[in-house]
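Worksheet: the structure to be examined is printed underneath.
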Amino acid sequence: MHWADVIAKDIAEKAEHPLIATGISPTGIIHVGSLREAITGESVRSAVEGLGKDVRLIYLIDSFDPLRRRYDFLPPSYEEYVGKPISRIPCPCGNHRNYAHHFVQPFLDAVDALGVHCEVIWTSDLYKDGKFAETIDLTFKKRQQIIDILHEVSGKPSNPNYAPYNPLCEECGRFCNPIFETYEFPYVEYECTCGHKGKADIRKDDGKLTWRCEWPAKWKIFGTSAEPFGKDHAAAGGSYDTGKRIAREIFGVEPPYPVPYEFVQLKGVGQMHKSLGCSVTGIDAIRMTPPEVLNYLFLRVQPSRAIDYDTGMGLLDMADEYDRMEVAFFTKEYTDAEENPVRAYEIAQHNHVPSRLPVEVSMRHLCNVVQMADSFEEQLTIIKRTVDLSKASAEDIRRLKVRCDCLRYWLNAFAPDQVKFAVQQTIPSNVNLETLDKVFLQTLVSRMNDCNWDADTINTIISEVGKESPLGSKGAYKLIYNLVIGKDRGPRLGPFLASMDKQFVINRFNQAAYR
């Protein structure tokens, strides 16, 4: 049974209206690994929905978190905003509501493109609307119990000055410590390091809970049934362990089903973003990986296993695997070992599995196509030379376009040089032809003139003529690649030439043979 089905069965039995929660703190550029949490949450949601349950998935944006430091990608002027809530810091580009919105909105667009059915909730709004008031009140009344829990679970010395709630200074706009002895619902006094003394109303966004209390407070507010989170929170004595006890002993609720996940490791020569100088972002991932393939990447293994996100040739390998599992799903022909990957393919569709096997064109082939034509209309013309699209649906064509767009982005930013090429409009000036080369090309043209223009026939002809020539097959292939793309090697030659206009290829060989 797939891991998402196991979790779904458990929470469906315990809750009439299950709620899955995920979230993110958008304090900076969002790494591709953050997609794992969203996709994991959606996989559980869709599996629960498949059991006939009314289920919700919420995506909590921790927009009231403070900016902890000025990151390298921020201008020096942002030093003054350190310690302030990111929902109250200006947008770096001036096109978004605030700092938090600037970094999270492109990511939310990517999540939406993946088919994640979630309700986006901003924690800054929750504080503003007083949703945390009850739990903040309890942390003040039971502060000593919280201190004891943190000590017992984490093993760290008790901190009698621990503040589960930090007021927001109305003078400097930064979080500070409360004066506990002055608390009387709903007000607490504070004295900020800037020298200002004031009073915070816990029913408003005058302050926030610290993380170890805020997380279980969210469980109480929403009645969370299950939540995926990074393995760092699942470590012994970590925030999930303390959260469980705070949830039960302070807030009187049961903690959610934990779905801890391993981190995403980057591989490939293009793992650094060329324009930002940072690791691959979630936006990069969705722009260069078809949504269904990216979903499958995260669902094919247990959350507890690390995932290698390969920005190089691994991207094409993963797409090939996805296509194989798609065929296996529709033909029902697969081994016991492939049962879970096939189910991962199904879950990756988020309960919208195609009614029939889509028209499949491999990403490897499309990688060549997008380098042969700029517009999708021209790309379709090339595809039709080797693939029967007569029965392709509008959805099939849409999927082809998405794949072509992803490959264009990948080729521009992350693809290794070995897959890149450009069809030369004329014979490259550095190609020097000997008499043997010209004789080979003349024979090749005579064989190709009346042949069927398909990959197998082209391969056979080139191989046979090459073996009969002093060039040999290896020399023949090298010559053809140089004439067409100006390189010693390139895409698989048969399918590549079959994708091109027959007359263009023959004319190129003729021009070279008689120059």
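Annotations for the structure displayed:
- Here the relative contact order of the stretch 120-239, from alpha carbon pairs under 8 Å that lie six or more residues apart, stands at 27 percent.
- Too-long pairs where the Cα-Cα distance tops 19 Å, listed order kept, from K14/K220; K141/K220; K14/K141; K199/K244: K14/K141; K199/K244
- Partner lysines for K267 [C-alpha distance under 29 Å; skip if fewer than 8 residues away on the same chain]: K231, K401, K420, K487
- More than 28 Å apart - percent of Cα-Cα pairs taken over the stretch 1-152: 37
- Cα point-scatterer Debye curve for the stretch 118-188, base-10 log of I(q)/I(0) at q = 0.14, 0.19 Å⁻¹: -0.55, -0.91
- Mean accessible surface per residue for the chain, computed with a 1.4 Å probe while every protein chain stays in place, in Å²: 46
- Here the accessible area of the chain is 47 percent carbon and sulfur, with a 1.4 angstrom probe and all protein chains present.
- Electrostatic bookkeeping for D501 treats Lys and Arg as +1 and Asp and Glu as -1; over the other residues with beta carbon under 13 Å from its beta carbon, the sum is +3.
- Beta bridge orientation in the stretch 1-129: antiparallel %, DSSP, nearest 5: 10
- Local charge for G312 was computed over the other residues whose Cβ lies under 11 Å away, with Lys and Arg +1 and Asp and Glu -1, and equals -3.
- Note on K502: lysines with a C-alpha under 16 Å away, same-chain residues under 8 apart excluded, are K384.
- With contributions of -39500 (n - 2.57) from each DSSP H run of at least four residues, the per-residue ellipticity at 222 nm computed over the chain stands at -14000 deg cm²/dmol.
- DSSP bridge analysis restricted to the chain gives an antiparallel fraction near 45%, rounded to the nearest 5.
- Summary of the geometry: the stretch 352-367 and the stretch 65-133, compared by the centres of their Cα atoms, lie 37 Å apart.
- Within the stretch 176-229, none of the chymotrypsin sites (Phe, Trp or Tyr not before Pro) combine a DSSP coil assignment with at most 15 other C-beta atoms in a 10 angstrom radius.
- Inter-centroid distance (Cα atoms) of the stretch 152-172 relative to the stretch 380-400, Å: 60
- When Rg and the Kirkwood radius Rh are both evaluated on Cα atoms of the stretch 358-487, their ratio Rg/Rh stands at 1.02.
- If both residues of a DSSP beta bridge must be in the stretch 96-244, then about 100% of such bridges are antiparallel.
- Globularity index of the stretch 57-139, i.e. its alpha-carbon radius of gyration over 2.2 N^0.38 Å: 1.23
- Euclidean distance between Cα centres, the stretch 442-515 to the stretch 318-338, Å: 34
- Its convex hull of Cα atoms gives the chain a direction-averaged projected area, equal to a quarter of the hull surface, of 29.4 nm².
- Local electrostatic count at M288 - Lys and Arg +1, Asp and Glu -1, tallied over other residues with Cβ under 10 Å: 0
- Radius of gyration and Dmax over the Cα atoms of the stretch 221-360, both given in Å: 18.6, 56
The values are calculated or read from the model by the stated rules, or taken from the named source; none is laboratory data. Note that the structure is a prediction, hence the values are computed from the model and not measured. Note that each Cβ is placed from the backbone with ideal geometry, even for glycine, and that neighbours are counted across all protein chains shown. Just so you know, the surface numbers come from the protein's heavy atoms only, side chains and all, with ligands and any DNA or RNA stripped out. Shrake-Rupley method; radii C 1.70, N 1.55, O 1.52, S 1.80 Å.
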